[in-house]
Amino acid sequence: MEADAATTTPHLPLADTDINWDRLDKTKFHIIGAILFTAQSALLHPTAVVKTRMQVGGSGLSHMRGISVFMHILRSDGIPGIFRGFGTSAIGSVPGRVLALTSLEMSKDMMLKHTQGIDIPEASRIGIANGVAGMFSNLLSCVYFVPLDVICQRLMGQGLPGTTCCRGPFDVVRKVVKAEGFRGLYRGFGLTAITQSPASALWWGSYAAAQHVIWRSLGYKDDVENKPSQVEMVTVQATAGMVAGACSSVITTPIDTVKTCLQVMDNYGSGRPSVLKTTKTLLQEDGMWGFYRGFGPRFLNMSLYGTTMIVTYELIKRLSVQPNMKSFT
C-alpha cells in the first residue's frame, strides 16, 4: 500500500493542496465530513430559504430584495422560519454526501492516473480530471438528492400560494406519492441531471485549474522546496472556490428557478406542472428577468458555499490523511 502510494502521491511542497483518495482514512474522512458539512449547511441554510421563497411566483416576494424577504420571514415566523427544512436536509444529506464524495474522489483519482503522460498543459489535465469527476459524481448523487430536494423545497415554501401544507418530511412524501405516485418525488430530475452535471463539471474543473494556476503564479512548483503555510492554502483554495461558485451561480440560476417552481408548486398552470409550462409562466409574469428571481441570495449562497465548502472539504482531507502517509508530505 505504501509503495503504491509513493508512486502516485506527490511528496513535494504542494502535496497537501491536492490530497488523493489513496492517502485518506475513509472512515475518518466521512465522519469529519458529516460533522463539518452539517455545520456549514446550517450557516448557509437561511439564504436557501430566502432564495426558494423569492423564486416561487404568487408569493408577493419575488420582486423584493433578499434582505427584505429575510426580514419578512423573521417577522412572520421567527428564527424557525429561516431554518425551515434544515433538519430534513441535514439528516437526509448524510448518505447522499457519502455517495457524492466517494464517487468524486475515486473517479478523480482514476482520471488523473489515466491522463498521466498525455501531452497537454498540467492545469488543463487537472481541470479535465476534476471536471469529469464532478460530472460523474453529480449524475450519481442526483438519484438520491432530487427526492430530498423536492421534500426540502416544499418545507421551505410552506404557506406560499399554490403550495400544499405539510406537517413534516414524511407528510410531504405521503402527499406527493398520493397525488402523483413515486415519480412525483423526482420532479425536475431530468432538468437537474442534464443541467447541474455540466455545471458541476464546470465548477470542479475551474476550481482545480484556478488553484493550479494560482499556486504556480505565486512561485510554488513541485521542484521548489518552500512549502505553503496553512494560511496560504486556505486563502488560495477559498479564492478559487469563490470564483468557481460565483461563475456557476450566473449560469445556473435560470435553470434553478424553473426547477424550484416545478418542485414546489401544485397548481402552476393547468394539469401537472412541466418544464415547458413553468418556463412559459415565468416568461408571462416577468419576462426574462423572471428566470433570475432570487439571484441575489443564490449568488451570495453559491459564492459563500463555494468558498466555505472547498475550505471545509480541503480541511477534511488534510485531517483525514492516514498517519503512515504524512511522511510523504
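Every number here is computed from the coordinates shown, using simple stated rules; none is lab data. What you see is a predicted model, and the numbers here were worked out from it, not measured in a lab. Every residue, glycine among them, receives a Cβ derived from its backbone with ideal geometry; neighbour counts consider all protein chains shown.
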Given a Förster radius of 35 Å and the C-beta distance between I194 and N226 as r, what FRET efficiency does 1/(1 + (r/R0)^6) yield to the nearest 0.05?
0.20
Could you give the DSSP H helices of the chain that reach 27 angstrom or more along their long axis (alpha carbon positions) and whose average Kyte-Doolittle hydropathy is no lower than 0.5?
122-156, 230-264
Please list, in chain and number order, the residues 5+ apart from L24 or on another chain whose amide H is under 5 Å from its amide H, with Hs placed from the backbone.
Q322
Potential lengthening between H63 and E122 on full extension [0.36 nm per residue; Cα-Cα distance subtracted]:
16.7 nm
With 10 angstrom as the radius, rank W215, W21, W203 by how many other C-beta atoms surround their C-beta, starting from the fewest.
W21, W215, W203
Assuming 0.36 nm per residue, please report the length gained on full extension of the stretch L74 to K178 beyond their Cα-Cα distance.
34.2 nm
Simple Cβ-charge dipole of the range 42-119, Lys/Arg +1 and Asp/Glu -1, about Cα centre, in debye nearest 20:
340 debye
Spin-label point model (7 Å from Cα, Cβ direction): what's the L319 to D171 distance in nm?
3.6 nm
Using Cα-Cα distances under 8 Å and only pairs 6 or more residues apart, what relative contact order does the range 2-321 have, in percent?
27 percent
Report relative contact order for the range 87-218 in percent, whole number only (criteria: Cα-Cα under 8 Å, sequence separation at least 6).
34 percent
Set the bar at 26 Å for Cα to Cα. Now go through K51/K178; K26/K221; K113/K317 and name every pair that lies beyond it.
K51/K178; K26/K221
